[in-house]
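Novice: Before anything else, here's the structure in question.
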Amino acid sequence: MSQDLFSSQRPDIQEIYPEVYLLADFVDTQPLLQVIWEIAAQSPFRKMQTPMGHYTGIELTNCGPYGWVSDSKGYRYAAKDPLTGKPWPAMPQSFFQLAKDAAFKSGFKNFNSDACLINHYQIGDKLGSHQDKDEGEFDSPIVSVSIGLPATFQIFGKTRSGVEKELMLHGGDVLVWGGDSRLIYHGVKTIKADKQQPNLTERFNITFRKAVKEVKNKV
Ligand code: MD3
Ligand code: FE
């Protein structure tokens, strides 16, 4: 469907910023949504408290060996969901393989993600400029999958302010970035309703990361 709308205008893969690759319409999002709600049935979407005493604006959950968490003590990756006290739901093989395939297509071989963060945006939600620097290593890329409502993604570059690039992400789009772009500031502008797709009311973004550096002799 959306393939007909966009494939003629957007190449399969495009380097939209140094070492940031856009894979347009890379994945069919319907099966992903199904899996997301299965994960959320085990580890529900929730806002998390921040070290500053506020709450994250968007709801999130995780799957895989490690999940991104935030509380009064700070941001980190944890093997257990603080809400349930249990390990995060397992990362579905289909998720793991999707991230690996997207990374490979972008030139990053052997991407074995161990953390999968699922952000859930409502209309009106946004994500301010930040860096992703809570991971234990920055050699691996990050793979992000957009689902549902479109979003304007912003790249600020090496400093927190001053937009260098804005990009519309649609459901099914995958972004891969690594190398020198791994620590760039980025954010998501306020999510709006889409007149072209009035049935859509929310956006999800799945990010796949390597949170913990691989230790030799440990599987
Ligand atoms: C470029 N999420 O969870 S993903 C995040 O759409 C986050 O939910 C956004 O930023 C979202 O931390 C954007 C795309 C993304 C994520 C991290 C990056 C792009 C990035 C790190 C460096 C450069
Ligand atoms: Fe981020």
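Coordinate-derived values only; no laboratory data. What you see is a predicted model, and the numbers here were worked out from it, not measured in a lab. Every residue, glycine as well, gets a Cβ built from its backbone with ideal geometry; the counts of neighbours run over all protein chains shown.
Novice: Restricting attention to the stretch 108-138, and to residues there that are free of Cβ contacts under 8 Å to residues at least 60 places away in the same chain and part of a loop (DSSP other than H, G, I, E, B), which single residue is nearest to ligand 1 (Cβ to nearest atom)?
Specialist: Looking at the filtered set, the residue picked out is Q131.
Novice: With the checklist (1) under 14 Å from the mean Cα position of the chain (by Cα); (2) over 28 Å from D28 (Cβ atoms); (3) among the hydroxyl-bearing types (S, T, Y) in hand, flag the one item S146 doesn't pass.
Specialist: (2)
Novice: Additional query: Could you tell me how many of the residues in the stretch 76-89 are within 17 Å of the chain's Cα centre (by Cα) and surrounded by fewer than 16 Cβ atoms within 10 Å (Cβ to Cβ)?
Specialist: Residues that pass the stated criteria total 1.
Novice: Another one. Is it fair to say T152 is in a strand (DSSP E or B), hydroxyl-bearing (S, T, Y) and surrounded by fewer than 19 Cβ atoms within 10 Å (Cβ to Cβ)? Spell out the reasoning first.
Specialist: Working: in a strand (DSSP E or B): yes; hydroxyl-bearing (S, T, Y): yes; surrounded by fewer than 19 Cβ atoms within 10 Å (Cβ to Cβ): yes.
The answer is yes for T152.
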